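The values are calculated or read from the model by the stated rules, or taken from the named source; none is laboratory data. Predicted model, so just to flag it, every value in this text is computed and none were measured. A quick note on method: Cβ atoms are made from the backbone with ideal geometry, for glycine too, and the neighbour counts reach across all protein chains shown. The protein model used for the area step is the full one, side chains on, heavy atoms only, and it has no ligands, DNA or RNA in it. Shrake-Rupley method; radii C 1.70, N 1.55, O 1.52, S 1.80 Å.
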Number of protein chains: 2
Amino acid sequence: MTVQAAKKTLAFTGCLLDRADNVRADREALGGHMNWRARLLTLDGMMPALDDAGRLAWGTLADAPEDAELVFLGFDRGEDGGTGRACFAAVPAQGDPRPRMANPQLWNLMAALSPEDLALYGGARSLVDWHARHRFCPACGGPTRIAKGGWQRDCLADSGGCGAPQFPRTDPVTIMLVEYDGRLMLGRGLGWPEGRFSALAGFVEPGESIEEGVAREVLEESGVRVRDVTYIASQPWPFPSQLMIGCHAYADSDALTIDETELAEVRWFTRDDVAAALGDAPDAPFTAPPPHAIAHHLLDWWIAR
Amino acid sequence: MTVQAAKKTLAFTGCLLDRADNVRADREALGGHMNWRARLLTLDGMMPALDDAGRLAWGTLADAPEDAELVFLGFDRGEDGGTGRACFAAVPAQGDPRPRMANPQLWNLMAALSPEDLALYGGARSLVDWHARHRFCPACGGPTRIAKGGWQRDCLADSGGCGAPQFPRTDPVTIMLVEYDGRLMLGRGLGWPEGRFSALAGFVEPGESIEEGVAREVLEESGVRVRDVTYIASQPWPFPSQLMIGCHAYADSDALTIDETELAEVRWFTRDDVAAALGDAPDAPFTAPPPHAIAHHLLDWWIAR
């Protein structure tokens, strides 16, 4: 499996919308697309809704609450080869109490979606969730208002605010396969079920490259120094807005010093162990991460290379 | 030149501090390190100060304004092989009017710093600047307070706020060499001097992988479709807090449709053109990006591979 071929299987990638960034800043063009043809993604809080065919359900802009902030997601593909329809999602009302984090019901819904629909949902979810959590200006505390079709929020200078623009947030996270002598380091997070292991991961911090983030995170969590960090693949992870950056690195030693504030266990697994876990073998020594997780993809890559 | 060797030349990487994340959340340990041995990075607004040896200048915590918020950067290396000293930086006072963006004076100061000092300054700058721009909670508008040694801010629930934590922001940006028939696509931004060209770049958006971000950005800015995106290298860019992700891609065509709201020019350059620009040849057809920029490194990589 080449990296290119493998990429096709990465969850939350492959959205077919044309993001049409030129429309975002063009108030007149954007307004012109907010017409009867436009589609509104049906969301229950942050949960997707499915139509009878198991696809993402859509309504029209008339379905949005009158004062809802609408995010322009892009254009779908015109069914007759013509211009696609403008697609929007509504920001939840302030104080909406519905669940935002991933939960079993959401995982079931997501498993039913096509890859393209899952990617569309993930991107829309990250964006409306960002709006819902950024109604105020972090610089001055004043109210903010949606701008540029939802790809910006503006602090209201005409209401006495500082006027600073805010932009949607994407948080880079490194997630890494660490290899020593043909074995792979995997960890079990605090509170995870017994037997569930995945790749170590952590946010890239200010002042770090991807490679430095990988090395720091592995050293912090396992006490192991790594070298020769290489990039494998990336995918968005909309809980709420991570960019997962999958890497591989070689360890200088297999002696572990576990950070027990982060991890319950860290262990080294052989190629046979990993293959058994990916194959859901009954005697597999651990449970592999689910296919939606980039860690699953990284393990596939390691076995196939 | 291998990618590994080339990485050593990437600006803003190679900080020697031990970030000691275990100390951040341990209020007692952190307090214990805020003693007479601790060092305070000397900053004039966001500008670095240099000592007589041309290194970053440091004072003690006594040099900080009494009510200053202090960010724990990590430990330096003990000169006698013992424990290093705790290093801090102070968040500028609210309303500090001094310049924050990169300017010629800053570039001169940065050019004088060692790679390790430049990396330390860049990371510290990103972090204190984030604090200065996040004194309020974006979710409820209430005041926030520094937490976990400056790696978090907390909305003050005891003052009626929502209590949401905020984390330092790192914005992933793709920057890419696009190749067609042995030539490279480079662009000149609006307002750039005549003759200055660099790699196209843009923020990764919610719902995108790195590879999808590269393809979208190139299509938006140049009208060209790309394939076979590969990762080359990354570096932090502290103006204010980007993670630059350098990539290479092959174009399907060299026919350009330039986005004139973003770019003044886009042109294709030969290997000889790029080599001449990197060598500052008097007859070079364009001016290369400065060595601090990852684009310079990417061009070096392209010539050397």
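Which residue is farthest from the chain's Cα centre (by Cα), if the candidates are limited to the stretch A:55-88 and must be surrounded by 12 or more Cβ atoms within 10 Å (Cβ to Cβ), in a loop (DSSP other than H, G, I, E, B) and of a type outside the set (A, V, I, L, M)?
Looking at the filtered set, the residue picked out is A:83.
If we only count strands (runs of 3 or more DSSP E) wholly inside the stretch B:89-199, which ones have 3 or more residues that are away from chain A (no Cβ under 12 Å) and either open to solvent by less than 30 Å² (accessible area, probe 1.4 Å) or at pLDDT 95 or above (or both)?
B:144-147, B:171-180, B:183-189
Sort through B:245, B:258 and tell me the only one that's among the aliphatic types (A, V, I, L, M) and surrounded by fewer than 23 Cβ atoms within 10 Å (Cβ to Cβ).
B:258
Please specify each residue of the stretch B:11-44 satisfying the condition of being in contact with a Pro (Cβ under 9 Å, 6 or more places away or on another chain), under 20 Å from residue B:132 (Cβ atoms) and either exposed (fewer than 13 other Cβ atoms within 10 Å of the Cβ) or aliphatic (A, V, I, L, M) (or both).
B:41, B:43
Please count how many residues of the stretch B:8-34 are away from chain A (no Cβ under 13 Å) and touching a residue at least 40 places away in the same chain (Cβ under 8 Å).
The number of residues fulfilling the criteria is 3.
Go through the stretch B:235-271 and give me each residue that's in a strand (DSSP E or B), of a type outside the set (Ser, Thr, Tyr) and within 14 Å of chain A (Cβ to nearest Cβ).
Matches in the stretch B:235-271: B:235, B:236, B:237, B:242, B:243, B:244, B:245, B:246, B:247, B:248, B:249, B:263.
Working only within the stretch A:212-234, note down all residues that are of a type in the set (Asp, Glu), outside any strand (DSSP E or B) and open to solvent by 20 Å² or more (accessible area, probe 1.4 Å).
Once the filter is applied, which keeps residues that are of a type in the set (Asp, Glu), outside any strand (DSSP E or B) and open to solvent by 20 Å² or more (accessible area, probe 1.4 Å), the stretch A:212-234 yields A:212, A:220.
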